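These notes are about the structure you will find just below.
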Amino acid sequence: CHRTGLGGHDLLWYGVPDTPAELVRKAALLPLDRPLRKGFQYQSTMYVAAALAAERASGMPWDEMVRTRLL
């Protein structure tokens with residue numbers, strides 16, 4: 001869902017060597033553009049957060065989880 005209140009901050013991740021966990025930690029420090037669930041705002045970094053949550057829930061790395069469970 002793109003209703004976190006965090007606007008587009010694509011320069012947060014584009015071309016940087018940070019790990020996915022570091023990107024999510026940095027996103028947590030950004031100010032919200034809107035209150036939570038008050039409007040749609042596309043946010044690429046939230047896909048990274050979802051992948052990290054899926055890794056933790058499945059107990060396997062993202063690429064392996066996608067390959068074995070989705071493909």
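The values are calculated or read from the model by the stated rules, or taken from the named source; none is laboratory data. Predicted model, so just to flag it, every value in this text is computed and none were measured. In this analysis, Cβ positions are derived from the backbone assuming ideal geometry, glycine residues included, and neighbour counts consider all displayed protein chains. These accessible areas exclude ligands, DNA and RNA; they are computed on the full protein's heavy atoms, side chains included. Shrake-Rupley method; radii C 1.70, N 1.55, O 1.52, S 1.80 Å.
Checking Ala53 against (1) open to solvent by less than 70 Å² (accessible area, probe 1.4 Å); (2) assigned to a loop (DSSP other than H, G, I, E, B); (3) among the aliphatic types (A, V, I, L, M), which single condition isn't satisfied?
Exception for Ala53: condition (2).
If you go through the range 10-46 one residue at a time, how many are of a type outside the set (A, V, I, L, M, F, W, C) and assigned to a helix (DSSP H, G or I)?
Residues meeting the conditions: 6.
Would you check if there is a residue in the range 63-70 being over 10 Å from the mean Cα position of the chain (by Cα), at pLDDT below 90 and either open to solvent by 40 Å² or more (accessible area, probe 1.4 Å) or not charged (D, E, K, R) (or both)?
Yes, the range 63-70 contains at least one residue that is over 10 Å from the mean Cα position of the chain (by Cα), at pLDDT below 90 and either open to solvent by 40 Å² or more (accessible area, probe 1.4 Å) or not charged (D, E, K, R) (or both).
State all residues of the range 19-43 that are in contact with a helix residue (DSSP H, G or I) (Cβ under 6 Å, 6 or more places away or on another chain), open to solvent by less than 50 Å² (accessible area, probe 1.4 Å) and either of a type outside the set (Val, Ile, Thr) or at pLDDT below 85 (or both); if no residue qualifies, say none.
Leu23, Ala27
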